[in-house]
1. Looking at region 47-67, which of its residues are free of Cβ contacts under 8 Å to residues at least 24 places away in the same chain and within 13 Å of LEU5 (Cα to Cα)?
2. Taking the options VAL133, VAL125, name whichever one is assigned to a helix (DSSP H, G or I) and in contact with a Ser or Thr (Cβ under 8 Å, 6 or more places away or on another chain).
3. Pairs under 8 Å by beta carbon, first residue farther than 20 Å from VAL133 by Cα and small (Gly, Ala, Ser) in region 68-96, partner part of a loop (DSSP other than H, G, I, E, B) and modelled with pLDDT of 95 or more, six or more apart or different chains?
4. Can you pull out the helices (runs of 4 or more DSSP H) entirely within region 10-85 that have at least 2 residues that are closer than 28 Å to PRO110 by Cα and open to solvent by 70 Å² or more (accessible area, probe 1.4 Å)?
5. Identify all residues within region 110-147 that are over 18 Å from GLY93 (Cα atoms), in contact (Cβ under 8 Å) with a residue 60 or more places away in the chain and open to solvent by 20 Å² or more (accessible area, probe 1.4 Å); write none if there are none.
6. Being out of contact with any helix residue (DSSP H, G or I) (no Cβ under 8 Å at 6 or more places or on another chain) and under 11 Å from ALA143 (Cα atoms) is the filter here; which residues of region 1-28 pass it?
Amino acid sequence: MNVELRQVHDSDLPVFFRQMNDPESLSMAAFTPEDPSDRAAFDTRWSRQRSSPDVVARTILADGDVVGSAAVYGVPGEREVTYWVDRACWGKGIATQALRALLAEVPERPLYARAASDNAGSLRVLEKCGFRVVAAAREYAPARGAEIDETVLLLEG
């Protein structure tokens, strides 16, 4: 499968919105907006991200189809990576390939990542890309409506 990143296009946003409202994906991601079904808030968030010089946001393509997004955001020294892949594409190596491409595009280090501690797939992707576990936290996860364990990972130079 050919996985590529490109700039986010307006036509990608309805796909991202649909992906973000899949109940199983929301539960696995855990740390989501309070109301992922609020399209106005979704559009505002993406508009802000796409116009910020501090955010590198990309669309993930697999064999030419939009299958998710990946980004780096935050202040220098504390920047984080994030990604979202359509549930239909889980387990195919797409997230790993996309994250590797993003890390090649954004060479600054350190970079952090966070994942629900029970999200084995995402933790595996991050570790394959060189991130290592540096901390654990307990945070409120809107998608689950409860505090859950979170794993904090770091990618150094």
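The values are calculated or read from the model by the stated rules, or taken from the named source; none is laboratory data. Everything numeric here is computed off the predicted structure, so don't read it as measured data. Glycine gets a Cβ as well: all are built from the backbone with ideal geometry, and neighbour counts include every protein chain shown. All accessible areas refer to the heavy atoms of the entire protein, side chains included, with ligands and DNA or RNA removed. Shrake-Rupley method; radii C 1.70, N 1.55, O 1.52, S 1.80 Å.
1. ASP65
2. Details: VAL133 fails: assigned to a helix (DSSP H, G or I).
Every option except VAL125 fails the conditions.
3. Listed pairs, sorted by first residue: GLY68/ASP86; SER69/VAL8.
4. Numbers: elements: 13-19, 23-29, 39-51.
Because the criterion is at least 2 residues that are closer than 28 Å to PRO110 by Cα and open to solvent by 70 Å² or more (accessible area, probe 1.4 Å), the helices (runs of 4 or more DSSP H) in region 10-85 that meet it are 39-51.
5. ARG114, GLU139, PRO142, ALA143, ARG144
6. Start the filter on region 1-28 by keeping residues that are out of contact with any helix residue (DSSP H, G or I) (no Cβ under 8 Å at 6 or more places or on another chain), which leaves 2, 6-7, 9-12, 14-15, 18, 21, 23, 26-27.
Passing the criteria: ASN21, PRO23, LEU26, SER27.
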